[in-house]
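Okay, so here's the structure we're looking at.
The values are calculated or read from the model by the stated rules, or taken from the named source; none is laboratory data. Everything numeric here is computed off the predicted structure, so don't read it as measured data. So basically every Cβ, Gly included, is an ideal-geometry build from the backbone, and we count neighbours across all protein chains shown.
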């Protein structure tokens, strides 16, 4: 069973909402966020290890952080940590992995895993991953659906049949993938009870997803079909030449919204958190009596609901509420917790201002 199972970890993001800690060369996925000393990508490999050995894990990232990922994950062969020549979204990345794995093992089945999420119950999570792998063995495209805990507008949704009982940990038909909704529609999804969050975890035979890309997205499959086998000495140079020719498109839009063999596992709670902002980190951590938390020593007077990450220095808070403070040697972030999503916009402004030294 396990010898045909592979893991693809997508680690090309920049994590701009975690500025000033997350930078091009030290992005979110290689940071230790929260109380865990292991970085997010190390945690991802750790929790997969009981099912997928490190020698069967492949990582697609970018040229800025590849060397750091190699340093953090010495157990994974360095040649399996690949820097994409250009940013081309998830469909080309997954198509590239399918090409590589098919050339290594024609029976390869692989799961796609984000590199920067937190999962509280790894044991139960792996039980669900096994179910998805087993469904993929039967020729299905399988997706994990995360039980929604509130009316979230920042995630896509997976619609399951309304007239079938929702059985946690059992495979079900997928009716439709829904784009990120507005607040009213998100509340409707939550109230309906047959929708799950789309957390970007997919499972398929390498041959199945390659065929799907050829059928639905020839502008992705075409350039990849010209690549030699991974073992060919010409592969690196051809990857540099051909990969940028792929259409920039997500796997959801390219395949999942069109394929008829898509099934899902409507999961019960396994402690998933995409850790999308400093606000999410605040939510993850234990709080003191004043609901303050962070990775630094805090002394507070009439200050509540704050998050502080300022290294080893003591941080004194007086009369401030619901503030995020993140200190680095060259930049200091102070933002209200309900504006934490706007940190990504700040990074765009720094790019426009030409502040490459802070990116």
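Determine if the stretch 314-323 includes at least one residue that is under 23 Å from residue 118 (Cβ atoms) and touching a strand residue (DSSP E or B) at 6+ places or on another chain (Cβ under 8 Å). There is at least one residue in the stretch 314-323 that is under 23 Å from residue 118 (Cβ atoms) and touching a strand residue (DSSP E or B) at 6+ places or on another chain (Cβ under 8 Å).
Specify which of the listed residues (152, 68) is closer than 18 Å to residue 14 by Cβ, in contact with a helix residue (DSSP H, G or I) (Cβ under 7 Å, 6 or more places away or on another chain), outside any strand (DSSP E or B) and not assigned by TED's automatic domain parsing to the domain that holds residue 285.
On inspection, the qualifying residue turns out to be 68.
Considering the stretch 282-321, there are no qualifying strands (runs of 3 or more DSSP E) wholly inside with 2 or more residues that are in the same structural domain as residue 34 (by TED's automatic domain parsing) and closer than 23 Å to residue 19 by Cβ.
Of everything in the stretch 249-266, what is in a loop (DSSP other than H, G, I, E, B) and in contact with a helix residue (DSSP H, G or I) (Cβ under 8 Å, 6 or more places away or on another chain)? Give them in sequence order. The answer is 249, 250, 258, 259, 261. Restricting the first member to the stretch 256-274 and to residues that are at positive phi and modelled with pLDDT under 95, and the second to residues that are surrounded by fewer than 18 Cβ atoms within 10 Å (Cβ to Cβ) and assigned to a loop (DSSP other than H, G, I, E, B), the beta-carbon pairs closer than 6 Å and six or more apart or on different chains are 271/120; 271/121.
When 242, 227 are checked against the criterion of being more than 29 Å from residue 197 (Cβ to Cβ), in the same structural domain as residue 89 (by TED's automatic domain parsing), touching a helix residue (DSSP H, G or I) at 6+ places or on another chain (Cβ under 8 Å) and not in a helix (DSSP H, G or I), 227 stands alone in meeting it. Restricted to the stretch 98-118, and to residues there that are within 16 Å of the chain's Cα centre (by Cα) and outside any loop (DSSP other than H, G, I, E, B), the residue that is farthest from residue 214 (Cα to Cα) is 118.
Of everything in the stretch 138-165 that is over 19 Å from the mean Cα position of the chain (by Cα) and more than 30 Å from residue 341 (Cβ to Cβ), the residue that is modelled with the lowest pLDDT is 165.
Rundown of residues vs (1) in the same structural domain as residue 311 (by TED's automatic domain parsing); (2) in contact (Cβ under 8 Å) with a residue 60 or more places away in the chain; (3) more than 13 Å from residue 8 (Cβ to Cβ); (4) out of contact with any helix residue (DSSP H, G or I) (no Cβ under 7 Å at 6 or more places or on another chain), yes/no style:
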site: 55; (1), (2), (3), (4): no, no, yes, yes
site: 76; (1), (2), (3), (4): no, no, no, no
site: 81; (1), (2), (3), (4): no, no, no, no
site: 97; (1), (2), (3), (4): no, yes, no, yes
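The selection criterion, being touching a residue at least 40 places away in the same chain (Cβ under 8 Å) and either within 21 Å of residue 118 (Cβ to Cβ) or not assigned by TED's automatic domain parsing to the domain that holds residue 17 (or both), does not hold for residue 351. Does residue 179 fit the bill of being in the same structural domain as residue 95 (by TED's automatic domain parsing), under 18 Å from the mean Cα position of the chain (by Cα) and surrounded by fewer than 20 Cβ atoms within 10 Å (Cβ to Cβ)? Considered against the rule, which asks whether it is in the same structural domain as residue 95 (by TED's automatic domain parsing), under 18 Å from the mean Cα position of the chain (by Cα) and surrounded by fewer than 20 Cβ atoms within 10 Å (Cβ to Cβ), residue 179 comes out as yes.
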